[in-house]
Amino acid sequence: MTTQLDAPGAHDPARAAAASADTASRPETRGIELVADAERHGRARDLVLVWAAPGVSILNLTVGATLILLGLEVWQAIAVILAAAVLWILPGLIAASGPAAGTSGSIITRAMYGVLGNRVFVTFVGWLIGAVYMALTWLASSFMGADLLRRIGIADPVWVPIGVTVVVAAITILVAIFGHALILSVYPILAAVLLVLFVAVTVAILPTVDWSYAAPAPLEGVALASAISIGFTILASTPLSFINSPDIARYLPRSTSPWRIALATAVGGAVPFTIFTIVGVLLATGLDAAAVAVGIDAALFDLLPAWLGPVLVAGVVLNTIALSAMTAYTSSMALQAIGLRLQRIPAAIVVGVVGTALTIALVLTSSLLQAVNLMLQFLVIVASPAMAIFVVDVVLRRVRYDGVELFDDQRGGRYWYTGGWGLPGLVALVAGGAAAAVCLATDVWVGPVALALGVVDLSVPAGMLVAGILYALLQRTPIAKDGRP
């Protein structure tokens, strides 16, 4: 059978010249459409620095400082960080599905949820994760930019952070419009620049670190388990949220080793995540709890040399653009997967408008520390089961996805399942989300299981295990229909 991927002429020079469409000098018009074999390019190792650029982030410093606020000792906080970093292998594993299918992850998930069920999934899960992360990264740059401007006399508490948000959002969406090739070309440079900057910040704060730090009231028993579990949940939400990793890898040649893709993605995400979250832990040891609670952004400014503060703000803005542009890029394809008749570029603009509105709402109602911790914890209710189902599907199918069949959205297609709904995936997702919710412990919600355990948060393992195991078991039942792995 002739397919879009193997159409006549796919390997002739004229068709190969189409690869120039994926170039950093022009906007990328391709959205969820299949990437033909002749248009594939790149190596798995290119993904390392692409994923490193978003990871060199002030959000990691913020989360690291939170672990000290929770009452953990330094060594305990570092152990929790290392445990959470292992989860980066999961977005690596699902990234391999991108080159296999040749399309966006928001289309690949039709294999899990069915044609119609996937629209619901992408709307409420894919979009929710993207909106939360984009808003959090823009929020970080808004607070730090506003603090810098306050120090030079521009101090309006409302319009200054809103103005910073709008400027950063505009640049972010411009990067998302140019798309994959610009991301692949510029992010390695951004990663190098940000690495140098954050190393300089680390060196500047080292004299303030209290190397003999001990928690004021050492935790034991249930109290210690509670602090460790809540810290792990906050940290785990970062790798678990990147269900968009197939979108970044989809242009790689089909022959690229899935394990190389998984390793490159995992290393690129895990290394900066680990290093700079540990830096956040060390930073918090030299500050009193009140200073950290007010905001790690303001505390940082007071510790840095006068010349380094503005440079750090520029770095935070660059990091914000790196992370949120990747999110906006993949979210634009999610809009298309939902079924909206939008080209990718207009879809990216819509994503930017929605993200800007959410960020402004957060600017007016919360501090950076409060927003980061609360939203990252609630994120795992949807992120942990969604990631588990995707990973299990990739393993069961042995990374074999047919892009042409994924685009067959007619009744009777392989992924039409039961009236358009993939019941194993949807049942597992809801069950996993419910399991995560009852095991979650936040300032505004403590699930009954978490409460019974003494406010111990087991939302991540509960959500992942229930969703992953249930999905695998349901694939062996009649409700899996014709698309089972």
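How would you rank D22, D156, going from fewest to most other Cβ atoms within 10 Å of each one's own Cβ? Write down the numbers at each step before the final one.
Numbers: D22 20, D156 12.
Sorted ascending by nearby Cβ count, the order is D156, D22.
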Of the range 257-277, those with amide N under 14 Å from the point 7 Å along the Cα→Cβ vector of R43 are 257, 260-261, 264
Going fewest to most other Cβ atoms within 10 Å around each Cβ, H180, H41 line up as H41, H180
Mean separation of Cα contacts under 8 Å (at least 6 apart) over the residue count of the chain, i.e. the relative contact order in percent, is 30
Note to self: C-alpha centroids of the range 155-170 and the range 302-330 sit apart, in Å, by 14
With the charge dipole of the range 53-483 built from beta-carbon charges (+1 for Lys and Arg, -1 for Asp and Glu) about the Cα centre, the Cα from S141, P239, A176 projecting farthest to the positive end belongs to A176
Scalar couplings 3J(HN,Hα) for the range 176-187 by Karplus 6.51 cos²θ - 1.76 cosθ + 1.60 (θ = phi - 60°), nearest whole Hz, x for Gly and Pro, are 4, 5, 6, x, 3, 5, 5, 4, 5, 7, 8, 4
Whole-Hz Karplus couplings 3J(HN,Hα) for the range 345-362, θ = phi - 60° and coefficients 6.51, -1.76, 1.60, Gly and Pro as x, run 5, x, 5, 5, 5, 4, 4, x, 5, 5, x, 5, 4, 5, 5, 4, 4, 5
Charge tally for neighbours of A225 with beta carbon under 15 Å away, counting Lys, Arg as +1 and Asp, Glu as -1, is -3
To the nearest 0.05, the calculated FRET efficiency linking V193 and R476 through their beta-carbon distance, R0 being 60 Å, is 0.75
The local net charge around R260, scoring Lys/Arg +1 and Asp/Glu -1 for residues other than R260 whose Cβ lies under 9 Å from its Cβ, equals +2
Assertion target for R110, R400, ordered by fewest C-beta neighbours within 10 angstrom first, is R400, R110
Summing -39500 (n - 2.57) over every DSSP H run of at least 4 residues in the chain and dividing by its residue count gives a helix-only mean residue ellipticity at 222 nm, to the nearest 500 deg cm²/dmol, of -21500 deg cm²/dmol
Highest mean packing first, using Cβ neighbours within 10 angstrom, the peptides 402-415, 58-71, 81-94 sort as 58-71, 81-94, 402-415
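Can you give the convex hull volume per residue for the Cα atoms of the range 53-483, as a whole number of Å³?
Per-residue hull volume (Cα only) is 128 Å³.
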For the range 53-483, the dipole about the Cα centre with charges only on Cβ (Lys and Arg +1, Asp and Glu -1), to the nearest 20 debye, works out at 1420
Residues whose built amide H sits under 5 Å from the amide H of T418, excluding neighbours closer than 5 in sequence, are L423
Output ordering of 381-394, 337-350 (per-residue mean of other Cβ within 10 Å, highest first) is 381-394, 337-350
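All of the numbers you see were taken from the coordinates with simple rules; none came from a lab. Computed from a prediction, not measured in an experiment: that's the story for all the values here. No Cβ is skipped: glycine too gets one built from the backbone with ideal geometry, and neighbour counts run over all protein chains shown.
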